[in-house]
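Remarks on the structure that follows.
The values are calculated or read from the model by the stated rules, or taken from the named source; none is laboratory data. It should be emphasised that the depicted structure is a prediction, and the values quoted were computed from it without experimental measurement. So basically every Cβ, Gly included, is an ideal-geometry build from the backbone, and we count neighbours across all protein chains shown.
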Amino acid sequence: MGDDRVEYWSKRWGNKDIGWHKTGVNNFLSNHIGKLTDGKNNLAFLIPLCGKTIDMKWLYDLGHTVVGIEGVEQAILDFFKEQSLEYVRTEGAGFSLFKTPDSRLKIYLTDLFKIPTNVLGKFDAIWDRGSLVAIYPKDRELYAKRMKEVAADKCKYLVAVMHHDPEKFAGPPRNVFKEELFKLYEDTFNIEEIDRISRANVPLGDGTLFIEDSWEVLYLLRHK
């Protein structure tokens, strides 16, 4: 993310304006974890723009290796403190790495669009809730390119997006139409909708209500 983007999210974290953060494991993830893992253990998971989501600790406790990418240091510090996890911090070229002593949970403090993908490695699974819908539309092609670069040959990718009228609510979370999702990913992944939930009139972080006819939709992407 560019400096202006990081500054925007840093201010929201500093003001504790983080209404998107959930205190429990995301229901989409817990309900559909089997579609990502096929019952396998010790898979490599990527969670882009992870914030301090408890989903990382949940996947870690299931025995998987988890890598998060986050641009705001406070979010990372809060995560390790709130989850009572020890961490070691090291510095790299353009990033700081926070990792548990066993190295199974790592969070990179960095610009998602600048960290070399070879530093991140390849992933068996990607969980994207709140990342694609957070970035600017102009950045989506580059974002999708980077996700495809780190996807292992049999990678499965869960992405939750918002379907609503962008003229009524600009976001974030921003609208991502089905057609755009296919345009971004169908060259590499087979795509299917597997779940959706109405978000009509759901309170946002600032106390306002989400618009009517708004849906959070979950797609499963399977590497071709």
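For I211, the conditions (1) modelled with pLDDT under 95; (2) in a strand (DSSP E or B); (3) in contact with a Phe, Trp or Tyr (Cβ under 6 Å, 6 or more places away or on another chain); (4) among the β-branched types (V, I, T) all hold with the exception of (2).
Filtered by the rule that a residue be more than 22 Å from G24 (Cα to Cα), surrounded by 12 or more Cβ atoms within 10 Å (Cβ to Cβ) and hydrophobic (A, V, I, L, M, F, W, C), the stretch 76-97 gives F95, L97.
Could you grab me the full set of residues in the stretch 72-82 that are in contact with a strand residue (DSSP E or B) (Cβ under 9 Å, 6 or more places away or on another chain) and either part of a loop (DSSP other than H, G, I, E, B) or over 18 Å from L62 (Cα atoms) (or both)? Passing the criteria: V72, E73, A75, I76, L77. Identify all residues within the stretch 13-42 that are outside any loop (DSSP other than H, G, I, E, B), modelled with pLDDT under 60 and surrounded by 13 or more Cβ atoms within 10 Å (Cβ to Cβ); write none if there are none. If the condition is that a residue be outside any loop (DSSP other than H, G, I, E, B), modelled with pLDDT under 60 and surrounded by 13 or more Cβ atoms within 10 Å (Cβ to Cβ), then W13 is the only one that fits. Of the residues in the stretch 92-114, not one is within 17 Å of the chain's Cα centre (by Cα) and in a helix (DSSP H, G or I).
When restricted to residues that are closer than 19 Å to E70 by Cβ and out of contact with any Pro (no Cβ under 6 Å at 6 or more places or on another chain), the stretch 129-139 contains 6. The set of residues in the stretch 161-185 that are within 19 Å of the chain's Cα centre (by Cα) and closer than 20 Å to K224 by Cα comprises K178, E180, L181, F182, L184, Y185. Scanning the stretch 129-146 for residues that are buried (at least 22 other Cβ atoms within 10 Å of the Cβ) and charged (D, E, K, R) yields a single hit, R129.
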